[in-house]
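The values are calculated or read from the model by the stated rules, or taken from the named source; none is laboratory data. This structure is a prediction, so every number in the text was calculated from the model and none was measured. Cβ atoms come from the backbone with ideal geometry, glycine included; neighbour counts cover every protein chain shown.
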Amino acid sequence: MTWSNWAGTANATPLRVHRPRSTAEIAEVVHGITEAGHRVRAQGSGHSFTAIAAADSDALDLTGWTGIERADLETNRVTVRSGTTLRDLNAALDQLGLAMTNLGDIDAQTISGAISTGTHGTGARFGGIATQIAALELVLADGSVVTCSADERPDLFHAARVGLGALGVISTVTVQCEPSFVLSAQERPEPLEQVLDGFDEFAADNDHFEFYWFPYGSKALVKRNNRLPLDAERKPLSRLRQFVDYELTENVGLSAYCRLGRAMPKVVRPLGRVVANLLSAREYSDLSHRVFVTHRGVRFVESEYAVPRESLHDVLAELRAFVPRLQNPVTFPVEVRVAAADDIWLSTANGRDSAYIAIHQFVGMPYREYFDAFAAIAGQVGGRPHWGKMHDLDASVLRTRYPHFDDFLRVRKECDPAGTFANTHLDRVLGPA
Ligand SMILES: Cc1cc2nc3c(=O)[nH]c(=O)nc-3n(C[C@H](O)[C@H](O)[C@H](O)COP(=O)(O)OP(=O)(O)OC[C@H]3O[C@@H](n4cnc5c(N)ncnc54)[C@H](O)[C@@H]3O)c2cc1C
């Protein structure tokens, strides 16, 4: 059966699809695959834009291995089976009075797929989802089951939280949660120059700050989310307002604009100048995950680089100068987020406070020139591409961008000497196993 990812940018036809329903079954399947000399990919929800999850021969479908295994309400640590989606995890955490500290834009990913590529949200004092992991249980290539944490096999823990699926199959993930909390959201269009001038201050003053810049326009859509205690008054958006703002304006409206632009590229630039002005300001508050997560109804392709925080202005200035010169226009906004430095070896924020710049294009519209130019600009400041988003870098370049790249490869060699967990994509980004 053919597999393809959410964006339609990667396809594979695995020879065998295994559907284990326990750690023991994962171990048995992996052991058999290694013995046979085949290669296997664990599959998440297919929301990576690259072929990182594409199986060359065997695929592991973990949709039958979901749910919470145990919850410790003293420490707020929750152990979850690896095929669980963030959506289901958030719902289960609600029941326990717990929450994830930070989340990205959507919740369709599995917890293991999300951490394996370094999925992140925004917040100058917060790290990506992998920084919220307290322990992992993994099945290694020989079928052995091991656990790791900051105290137990620390090297494996440094490597496996953002492990690209290259070290083993994650069977359970222990998440360090916190008591449920409310987020107050303020979203409004603001002049881009004003947002850039105040960027450091806004990122410092708000728990979760980000903005979307619409190419060709002078306005940015700015989002400020701030944490409140659970007993704070909640003012969620009404269903009607949600429908009008998110479904009609952001999904139906954006889709219409993109489709028109794909059919008639000439209209993109003039329409792009006014599109941000059409977005209305809104303020609301709700349980954290309902504010972090939005619905993305329009398909797009994406590339994202993490750059040192202090380089953000230079990179954006070059991007802004380049976009008007592109042969083909861009219909989708550029998203800018921030994260605190962390110690995970292949985390895009390893060792440095980071700004994330994500560029997008509507599916079916030319993106090569745009993405290549962006990669060159981000490369000048040592930008690190998101492991789940489009880029062309290989191991020789990535090694120069990650101080612990070779430490990761050492652990990989120990866990998977024969390359059972490799695929064509990993052969490029990590080098042959
Ligand atoms: C609409 C959209 C919005 C997005 N928003 C964000 C965002 O806000 N922030 C952000 O950082 N990223 C974002 N992403 C990217 C996305 O979060 C990542 O690509 C993520 O890895 C996808 O998770 P998945 O479950 O679909 O995993 P997949 O894409 O299926 O797999 C990703 C990797 O995880 C590995 N893997 C999966 N399960 C296991 C396991 N049990 N053991 C070992 N390895 C495993 C796979 O082998 C593969 O290498 C977005 C993507 C889309 C399409």
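Taking G253 and the conditions (1) small (G, A, S); (2) surrounded by 15 or more Cβ atoms within 10 Å (Cβ to Cβ); (3) at pLDDT 95 or above, which numbered condition does it fall short on, given that it satisfies the others?
Failing condition for G253: (3).
Each row is one residue, and each column tells you yes or no for (1) assigned by TED's automatic domain parsing to the domain that holds D56; (2) in contact with a strand residue (DSSP E or B) (Cβ under 8 Å, 6 or more places away or on another chain); (3) not in a helix (DSSP H, G or I).
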| residue | (1), (2), (3) |
| --- | --- |
| M390 | no, yes, yes |
| V411 | yes, no, no |
| E414 | yes, no, no |
| T420 | yes, yes, yes |
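Within the bounds of region 252-270, is there any residue that is more than 24 Å from K389 (Cα to Cα), in a strand (DSSP E or B) and touching a Pro at 6+ places or on another chain (Cβ under 9 Å)?
No - not one qualifying residue is present in region 252-270.
Which of the residues belonging to region 334-355 are out of contact with any helix residue (DSSP H, G or I) (no Cβ under 8 Å at 6 or more places or on another chain) and more than 25 Å from D406 (Cβ to Cβ)?
Of everything in region 334-355, those that are out of contact with any helix residue (DSSP H, G or I) (no Cβ under 8 Å at 6 or more places or on another chain) and more than 25 Å from D406 (Cβ to Cβ) turn out to be E335, R337.
Any idea which of E69, E74 is surrounded by fewer than 18 Cβ atoms within 10 Å (Cβ to Cβ) and out of contact with any strand residue (DSSP E or B) (no Cβ under 8 Å at 6 or more places or on another chain)?
From the options E69, E74, the qualifying one is E74.
So that you can scan it fast, the table gives a plain yes or no per residue for (1) without any contact (Cβ under 8 Å) to a residue 12 or more places away in the chain; (2) of a type in the set (S, T, N, Q); (3) within 12 Å of the ligand (Cβ to nearest atom); (4) surrounded by fewer than 19 Cβ atoms within 10 Å (Cβ to Cβ):
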site: W6; (1), (2), (3), (4): no, no, yes, yes
site: V17; (1), (2), (3), (4): no, no, no, yes
site: T50; (1), (2), (3), (4): no, yes, yes, no
site: D61; (1), (2), (3), (4): no, no, yes, yes
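In the list G431, G419, G364, G379, which residue meets the criterion of being crowded, with 16+ Cβ neighbours inside 10 Å and farther than 30 Å from G143 by Cβ?
G379
Which of the following residues is closer than 21 Å to F214 by Cβ, β-branched (V, I, T) and over 22 Å from the mean Cα position of the chain (by Cα): V330, V301, V275, V336? Quick ask: steps written out before the conclusion?
Values: V330 fails: over 22 Å from the mean Cα position of the chain (by Cα); V301 fails: over 22 Å from the mean Cα position of the chain (by Cα); V336 fails: over 22 Å from the mean Cα position of the chain (by Cα).
The match here is V275.
Mind checking which residues of region 153-199 are surrounded by fewer than 19 Cβ atoms within 10 Å (Cβ to Cβ), over 20 Å from the mean Cα position of the chain (by Cα), over 30 Å from G272 (Cα atoms) and touching a residue at least 40 places away in the same chain (Cβ under 8 Å)?
D155, E178, P179, S180, F181
Can you give me the number of residues within region 367-388 that are in a loop (DSSP other than H, G, I, E, B) and closer than 26 Å to G163 by Cα?
Selection size over region 367-388: 7.
Within region 392-409, which residues are in contact with a Leu (Cβ under 7 Å, 6 or more places away or on another chain) and assigned to a loop (DSSP other than H, G, I, E, B)?
Within region 392-409, Y402 is the sole residue that qualifies.
Going through region 201-215 one residue at a time, which ones are part of a strand (DSSP E or B) and either of a type in the set (D, E, K, R) or in contact with a Ser or Thr (Cβ under 9 Å, 6 or more places away or on another chain) (or both)?
Restricting attention to region 201-215, the residues satisfying the condition of being part of a strand (DSSP E or B) are 208-213.
Within region 201-215, H208, F209, E210 qualify.
Show me the strands (runs of 3 or more DSSP E) found entirely inside region 82-178 where at least 1 residues are near the ligand (Cβ under 10 Å from one of its atoms).
Passing ranges, in order: 133-139, 169-176.
Specify the residue that is surrounded by the fewest Cβ atoms within 10 Å (Cβ to Cβ); the eligible residues are those in region 300-333 that are of a type in the set (S, T, Y) and farther than 19 Å from T400 by Cα.
S303
Being within 16 Å of the ligand (Cβ to nearest atom) and either of a type in the set (D, E) or out of contact with any strand residue (DSSP E or B) (no Cβ under 8 Å at 6 or more places or on another chain) (or both) is the filter here; which residues of region 321-341 pass it?
Residue satisfying the conditions is E335 alone.
Only one of I357, I344 is part of a strand (DSSP E or B), outside the structural domain of L138 (by TED's automatic domain parsing) and within 16 Å of the ligand (Cβ to nearest atom); which?
Answer to the selection: I357.
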